[in-house]
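Read the structure below first, then the notes.
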Amino acid sequence: MRIGEIAALVGVTTRAVRHYHHLGLLPEPVRLPNGYREYTVRDAVLLARIRRLTELGIGLDEVRDVLAEDAGRDLVEVLEELDADLGRQEALIHERRARLAPLLDQAREGRLPAEGPVSPMLAELFGDMARASAALPGPEPAMAAKDRELLALLDMVAPAAEQERLMGAMRRITEAPGAMEQAYALYEELDALEDADPADPRVERAAQRLADVLPDDLMPAGTDGPPQEGFLDAFLADFSPAQAAVVERALRLVMERAR
């Protein structure tokens, strides 16, 4: 058989056959006097086995191990590992679909916030913020939108247990009578500091007010400094120096209070 014939027989491309030759998975066949490769049935069987293994999701490096002399034992071991990996992927897909279902319901009902998709707990908080914003005489403070961006990001990247802890802390803040109105007053105060000097006396006052509304358990137990300082630095990069000073000072006040 020529290369085109064996490729068609097994159901792969001639390019794949040449690639397997290059990697050493498929030995080069004897060449005829005219220079053409001459493949045998044994070559076709080996090529078909390579195709089956790759279709199972086995990497080419592992295929090489399977095709070694101790192929029987290696094949069982690799397939067991693949089965375990597929089981983990199946569980992960099931978890993701379970998280997607309420978000899909929100989208269908027109309740998915602009920062979405987010968890149901955060969507509820954003709904409260939207109602508070709608009651304002003027436009929503820019700091409120930045706060939502941070919460949406944490909602996506934080582990489930940490999400639940953070959202529980946030709900305790916002469910208190007048808390949402107080939060928006603070957002406006932070907006007013956009062009201020970090040494402005208003910075310390705003930091104290922010610390007063943040719960002691906002940060994980045993924290000695701002959590994920690299992440915090990236987030504060969008703030003015005075606004960033308010947030950093408030976080340190909360940590000192919680000790």
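The values are calculated or read from the model by the stated rules, or taken from the named source; none is laboratory data. This one's a predicted model, so the numbers in the text were calculated from it and none came from an experiment. Cβ coordinates were reconstructed from backbone atoms using ideal geometry, including for glycine residues, and neighbour counts include every protein chain displayed. Accessible surface is based on the protein model in full, side chains and every heavy atom, while ligands, DNA and RNA are left aside. Shrake-Rupley method; radii C 1.70, N 1.55, O 1.52, S 1.80 Å.
Of the residues 45, 17, 63, only one is of a type in the set (A, V, I, L, M, F, W, C), open to solvent by 50 Å² or more (accessible area, probe 1.4 Å), out of contact with any strand residue (DSSP E or B) (no Cβ under 6 Å at 6 or more places or on another chain) and outside any loop (DSSP other than H, G, I, E, B); which?
After ruling out the rest, the residue left standing is 45.
Under 8 Å between Cβ atoms, at least 6 apart or on separate chains: pull out the pairs that start in segment 188-215 with a residue that is without any contact (Cβ under 8 Å) to a residue 12 or more places away in the chain and end on any residue that is open to solvent by 50 Å² or more (accessible area, probe 1.4 Å).
From segment 188-215, the pairs are 192/202.
Say whether the condition of being open to solvent by 90 Å² or more (accessible area, probe 1.4 Å) and modelled with pLDDT under 75 is met by at least one residue in segment 112-126.
For segment 112-126, residues open to solvent by 90 Å² or more (accessible area, probe 1.4 Å) and modelled with pLDDT under 75: present.
Just give me the residues in segment 20-42 being open to solvent by less than 50 Å² (accessible area, probe 1.4 Å) and either assigned to a loop (DSSP other than H, G, I, E, B) or of a type in the set (Gly, Ala, Ser) (or both), in sequence order.
25, 26, 29, 35, 39
Among the residues of segment 171-211, write down those that are among the small types (Gly, Ala, Ser), surrounded by fewer than 17 Cβ atoms within 10 Å (Cβ to Cβ) and farther than 14 Å from residue 249 by Cα.
Correct list: 176, 178, 179, 185, 192.
Where residues in segment 102-111 are farther than 20 Å from residue 154 by Cα and either open to solvent by less than 50 Å² (accessible area, probe 1.4 Å) or of a type in the set (Gly, Ala, Ser) (or both), which of them is modelled with the lowest pLDDT?
The extreme case among them is 110.
Filtering segment 128-143 down to residues that are assigned to a helix (DSSP H, G or I) and at pLDDT 90 or above, which residue is least open to solvent (accessible area, probe 1.4 Å)?
143
Confirm whether residue 243 is at pLDDT below 90, assigned to a helix (DSSP H, G or I) and not aromatic (Phe, Trp, Tyr).
The answer is no for residue 243.
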